[in-house]
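Each remark here refers to the structure printed beneath this line.
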Amino acid sequence: MTDDATGARTYDVLVIGSANADLTVRVDRRPGPGETVLGTDLVENAGGKGANQAAAAARLGARTALLAKVGDDAFGEMVLDGQREAGTELRHVLVERGARTGTAMIVVGPDGDNAIVVSPGANSRLLPGDVTDARAAVAASAVVSLQLEIPPETVRAAVAVAGETGTRVVLNPSPVPEVLDPALLEAADPLVVNEHEARGLSGLDAGTAADWARALRARGARSVVVTLGAQGALALDDAAGDPVAVPGVAVTAVDTTGAGDAFTGALATRLAAGADLADAARFAVRVGAVSVTRAGAQPSYPTAEELD
C-alpha cells in the first residue's frame, strides 16, 4: 500500500514494539544484594523500546507510526500523551481493556548508567493477528523497526509481512536471546546490537566488534550496526568489505536510559530517507550523544533543529 500513484510511502518509519511507563529513581550508588539505599523522588515518564524509537523518529521529523498495545490505565494514557507530544501517528496503537500497561523500573547511578527491570503487561498481548490486521500500515512504510520486548511470534509475523510488502526491517534484538531466530537475523537490514549483544549472537568467544559484525553478517544478517557507547559505532553493509568506524561525540553523560532507542530511531529515520548505512549511523551517533546529556528516555530526545 502506498499513498498515491507515484509509489510514495505514507510513513517513513513504522515501529512495532513495546510501550511502557518508566518509573525512574536516581541513587548515589546502586544497591548490592539484600541492601536498601535511598534514592530521589520517583519520576514517571513514557518509555518502552518501541515507543522510545517511535518518539525519537517522530521528533526528528520522520512520518512515524506506532503499532503497540497498552492498558486502559493511567500509565497507558501517559504513553499515548508522550507519543502525541512527539508527533507519532497513533491510529495503530491498541488499548486492551482490563490490562495493565507495561512498566519499567529504572535505577540510575551517579555515572548515568542504569539497571532496568521490565514488567511486560499489555505488551505481552500484542499478537501476530494484530500485525496481520495492520498489513496495510506495514506496506505503507519505508522502514519497520522491531525489538524483542513483545512476543517472539509477533516479531516473526512482522518480519513475514514486511518481507511480503517489500518494507525494510531494522531489528534491535533486545532483550537479547541466547539464540536469535534465523528468520529474524536474515531479515535484519540492519541488525542493531551493542558490543555485548554482538559478541553473544556472533558465536565467537573472543575478538573485536569488527569480528563480531562480520560473523553476524556471515550468519545471514543483511547488514549490521554495532553500537559502542561513547566510542560511536561500526557499520557493516558489504559482506566483502570492512566495517566503517563511526567516531563518538564527546559529551558528559547524565542518564543513558533510552540512548540505544534514540540511536535506533534516528538510524531508521535516516535509512527511510535513502541514506547509506554509514551515513545513517553517523547521524544516529549524534542523536544518541545528545540524548545522554538529558535525564529520562523520551524527554531527552532532540528535534532536528536542536541537533543542528
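Where a number appears in this text, it was derived from the coordinates with a stated rule and is not lab data. The structure presented is a predicted model; accordingly, all values stated were derived computationally and were not measured. With ideal geometry, Cβ positions are generated from the backbone for all residues, glycine too; neighbour counts draw on all protein chains shown.
Using the Karplus equation 6.51 cos²θ - 1.76 cosθ + 1.60 (θ = phi - 60°), what ³J(HN,Hα) coupling, rounded to whole Hz, does each residue of region 298-308 give in order, writing x for Gly and Pro?
Result, ordered by residue: 4, x, 8, 7, x, 7, 4, 5, 5, 5, 5 Hz.
For the chain, give the share of DSSP beta bridges that are antiparallel, in percent and rounded to the nearest 5; count only bridges with both residues there. Walk me through the intermediate numbers first.
Values: 20 of 50 bridges.
Counting DSSP beta bridges with both partners in the chain, the antiparallel share is about 40 percent.
So for the chain, averaging the separation of alpha carbon pairs under 8 Å that are six or more residues apart and normalising by length, what relative contact order in percent results? Present the calculation step by step, with values, prior to reporting the outcome.
Working: 765 pairs, mean separation 55.3, N = 308.
Once divided by the residue count of the chain, the mean separation gives 18 percent.
Quick one: which of 114-122, 251-259 comes out on top by average Cβ neighbours within 10 Å, and what's the full order, highest first?
Details: 114-122: 17.8, 251-259: 20.3.
So the order, starting with the most tightly packed, is 251-259, 114-122.
Roughly how many Å is it from the Cα centre of region 203-229 to that of region 70-118, as a whole number?
Answer, in whole Å: 31.
Go through 225-238, 175-188, 261-274, 48-61 and give me the packing order, highest mean Cβ count within 10 Å leading. Write down the numbers at each step before the final one.
Working: 225-238: 21.5, 175-188: 16.4, 261-274: 27.1, 48-61: 30.9.
In descending order of packing, they fall as 48-61, 261-274, 225-238, 175-188.
Students often check this: by mean Cβ neighbours within 10 Å, which of 77-83, 159-165, 35-41 ranks highest, and how do the rest follow? Walk me through the numbers before you get to the answer.
Values: 77-83: 21.1, 159-165: 18.0, 35-41: 9.6.
Ranking the peptides 77-83, 159-165, 35-41 by packing returns 77-83, 159-165, 35-41.
How many percent of DSSP beta bridges within region 57-130 run antiparallel, rounded to 5? If you can, show how the numbers build up before the last one.
Numbers: 6 of 10 bridges.
In region 57-130, approximately 60 percent of DSSP beta bridges are antiparallel ones.
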